[in-house]
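Here's the structure, in structure tokens; my notes come after.
The values are calculated or read from the model by the stated rules, or taken from the named source; none is laboratory data. Because the structure is a prediction, the values reported are computed rather than measured. Every residue, glycine as well, gets a Cβ built from its backbone with ideal geometry; the counts of neighbours run over all protein chains shown.
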Amino acid sequence: MEDKRKQLQEKILSIGGKVVHITHPEEYVEEWLDNGEVYDGNNAVIEEGAPMLCEENSLNFYLKHKDEGIKICTGFALNNDHGMWVYHAWCKDKEGIVHECTPVKRDVYYGITLDERQTERFRRSVDFAYDAECARKEKSISTTDIGKRTYEAQKDTKGKNELGEYFKALIEKMEKGRGK
């Protein structure tokens, strides 16, 4: 698989830039390598969104506009000022125009458009990360505790059931804190 990462790096660098950081699971590496597309950042539309929260911002924009044909994309974005490709998420419309959901416009985007199954998995991972961060900030749970419980749960079915109940209770607590 290291060979696939190298191939992906070479493919992305052939577009431009000086360096690319690939830090994601292997399933994404193959998907990006086999199905990645290049998007010109010159035509990108900047949407409202907080800096450094590309996944959360893109998910929120998608949820508001999915009936209009908006899709979520994941991959890499290049800022020519520093020549570095970094992991990024954005949206695109039916015409293929990038909707940048952070305040920073990129020069070039390279990635895949998520299908429905991938979008649902993306949504769950973003929601989980948000809930874990809220819990950590409330000091009701530490990320170390989440990691330990996840590790233990992977050992057997009983652990998976206990982890499910643990996260269910955590989510209920978080929703109460959000006023849901």
Identity of the residue in segment 9-37, at pLDDT below 95 and hydroxyl-bearing (Ser, Thr, Tyr), that ends up surrounded by the most Cβ atoms within 10 Å (Cβ to Cβ): 28
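If the requirement is being in the same structural domain as residue 86 (by TED's automatic domain parsing), part of a helix (DSSP H, G or I) and hydrophobic (A, V, I, L, M, F, W, C), which of these qualifies: 22, 12? Write out each step before concluding.
Details: 22 fails: part of a helix (DSSP H, G or I).
Of the residues listed, the single one that is in the same structural domain as residue 86 (by TED's automatic domain parsing), part of a helix (DSSP H, G or I) and hydrophobic (A, V, I, L, M, F, W, C) is 12.
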Residue check for residue 58: buried (at least 18 other Cβ atoms within 10 Å of the Cβ) and either of a type in the set (S, T, N, Q) or in a loop (DSSP other than H, G, I, E, B) (or both): yes
Residues (surrounded by 13 or more Cβ atoms within 10 Å (Cβ to Cβ) and of a type in the set (Asp, Glu)) located in segment 41-55: 47, 55
Residue in segment 71-79 that is assigned to a strand (DSSP E or B), touching a helix residue (DSSP H, G or I) at 6+ places or on another chain (Cβ under 9 Å) and basic (Lys, Arg) present: yes
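Answer yes or no: is there a residue in segment 82-94 that is of a type outside the set (A, V, I, L, M), assigned to a helix (DSSP H, G or I) and more than 11 Å from the chain's Cα centre (by Cα).
Filtering segment 82-94 for residues of a type outside the set (A, V, I, L, M) gives 82-83, 85, 87-88, 90-94.
Filter once more, so that each one left must be assigned to a helix (DSSP H, G or I): none.
No, the conditions are met nowhere in segment 82-94.
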Given (1) more than 18 Å from the chain's Cα centre (by Cα); (2) surrounded by 14 or more Cβ atoms within 10 Å (Cβ to Cβ); (3) modelled with pLDDT under 95, index of the condition residue 119 fails: (1)
Among the candidates 92, 105, 155, residue that is in the same structural domain as residue 47 (by TED's automatic domain parsing), farther than 21 Å from residue 35 by Cα and either modelled with pLDDT under 55 or not acidic (Asp, Glu) (or both): 105
